[in-house]
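The values are calculated or read from the model by the stated rules, or taken from the named source; none is laboratory data. Worth saying up front: this structure is predicted, and the values here are computed from it rather than measured. Cβ atoms come from the backbone with ideal geometry, glycine included; neighbour counts cover every protein chain shown.
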Amino acid sequence: MKIPVNSFKRALSSGYSQLGIWASFADPYATEAVATIGADWLLIDGEHGPNDVRSILAQLQAVAPYASHPVVRVVDANPSVIKQVLDIGAQTLMVPMIDTAEQARAVAAATRYPPKGIRGVGAALGRASRWASIPDYADSGVQEICVIVQVESVKGLANIDEIVSVEGVDGVFFGPVDLSASMDLMDQPTHPDVVRAIEHGASVARAAGKAAGVLATDVERAKGYLAAGVQFVAVGIDILMLVNSGRSLLREFRGDRDEKRPSYG
């Protein structure tokens, strides 16, 4: 048996743009439904979604038959969590709140076996090696791992040149909401200063041969980032797609009557 090819990593290294959807329900049935939409990648969110290792595993299994590549965002840079998520078969990791090259190097090391890293050798017990059915997993498996670090603060942007130079980091994902807060522009992720900062960071990443990504649910802003060379863009969040669609549907019937409805609670 051969290790599954990481289509997302191959696309990024070839320079192709990749459109993604955030999968935030922490439920395999819902995430499988999202996988049928046809996005290039989907984000299983272990930072803000109510996920644990078992629920992430269930979602990886649910989306395996589909073309959308699962990217797992871990809760933080804890190497123990990274080890578990890799062992259950995640090939692409997104790690939030990376502010320095030292932190980025620690993340990369957590995904590599000694002597190049610190990952514990035990994948033969798990899904990553298909329970030892992939005998050369220690070599071929690591080659298919894709490491994305999130830069979402003023400090991180100040260190972007050093972060993107770290060996083992394949791309940088910019978080506009956290970045806007760090820039004292709370809840203004499309503010011109935030957009300029992200586009600058993306240009630095590209110059270093690394891919740049961003979350942009505003259609025109997403198109703007793609035009500026941001390579992988999450253009929708499943929960918001559902509730916004439902709210819009009810407005078609109620108009402005929501504000006038009596309360019985």
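Quick rundown of the values:
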{"item": "Condition broken by TYR66, with the remaining ones in (1) out of contact with any helix residue (DSSP H, G or I) (no Cβ under 9 Å at 6 or more places or on another chain); (2) surrounded by fewer than 20 Cβ atoms within 10 Å (Cβ to Cβ) satisfied", "result": "(1)"}
{"item": "From the options GLY156, GLY141, residue that is in a helix (DSSP H, G or I), crowded, with 18+ Cβ neighbours inside 10 Å and at pLDDT below 95", "result": "GLY141"}
{"item": "Scan of the stretch 159-170 for residues that are farther than 13 Å from ALA197 by Cβ and outside any loop (DSSP other than H, G, I, E, B), ordered by number", "result": "ASP161, GLU162, ILE163, VAL164"}
{"item": "Subset of the stretch 92-132 that is within 17 Å of ASN78 (Cα to Cα) and hydroxyl-bearing (Ser, Thr, Tyr) - its residue that is farthest from the chain's Cα centre (by Cα)", "result": "TYR113"}
{"item": "Residue ID - farthest from ARG54 (Cα to Cα), chosen from residues in the stretch 66-122 that are of a type in the set (Gly, Ala, Ser) and not in a loop (DSSP other than H, G, I, E, B)", "result": "ALA101"}
{"item": "Candidate set: the stretch 171-184, residues that are assigned to a loop (DSSP other than H, G, I, E, B) and crowded, with 16+ Cβ neighbours inside 10 Å; chosen: the one nearest to the chain's Cα centre (by Cα)", "result": "GLY175"}
{"item": "Count of residues meeting criterion [surrounded by 22 or more Cβ atoms within 10 Å (Cβ to Cβ) and either under 10 Å from ALA90 (Cβ atoms) or touching a Pro at 6+ places or on another chain (Cβ under 6 Å) (or both)] in the stretch 47-56", "result": "1"}
{"item": "Subset tally (residues that are aromatic (Phe, Trp, Tyr) and loosely packed, with under 14 Cβ neighbours inside 10 Å) for the stretch 106-125", "result": "0"}
{"item": "Failed item, numbered, when SER165 is tested on (1) crowded, with 20+ Cβ neighbours inside 10 Å; (2) hydroxyl-bearing (Ser, Thr, Tyr); (3) more than 21 Å from TYR225 (Cβ to Cβ); (4) over 18 Å from the mean Cα position of the chain (by Cα)", "result": "(1)"}
{"item": "Condition met for ALA212 (among the small types (Gly, Ala, Ser) and either over 22 Å from VAL5 (Cβ atoms) or out of contact with any strand residue (DSSP E or B) (no Cβ under 9 Å at 6 or more places or on another chain) (or both))", "result": "yes"}
{"item": "Residue under evaluation ALA11, criteria (1) among the small types (Gly, Ala, Ser); (2) part of a loop (DSSP other than H, G, I, E, B); (3) in contact with a strand residue (DSSP E or B) (Cβ under 8 Å, 6 or more places away or on another chain), criterion not met", "result": "(2)"}
{"item": "Pairs with Cβ under 6 Å, 6+ apart, first in the stretch 12-34 and more than 30 Å from GLY209 (Cα to Cα), second surrounded by fewer than 19 Cβ atoms within 10 Å (Cβ to Cβ) and hydroxyl-bearing (Ser, Thr, Tyr)", "result": "ALA26/SER55"}
{"item": "Of all residues in the stretch 76-99 being over 25 Å from ALA11 (Cα atoms) and out of contact with any helix residue (DSSP H, G or I) (no Cβ under 6 Å at 6 or more places or on another chain), the one that is surrounded by the most Cβ atoms within 10 Å (Cβ to Cβ)", "result": "VAL81"}
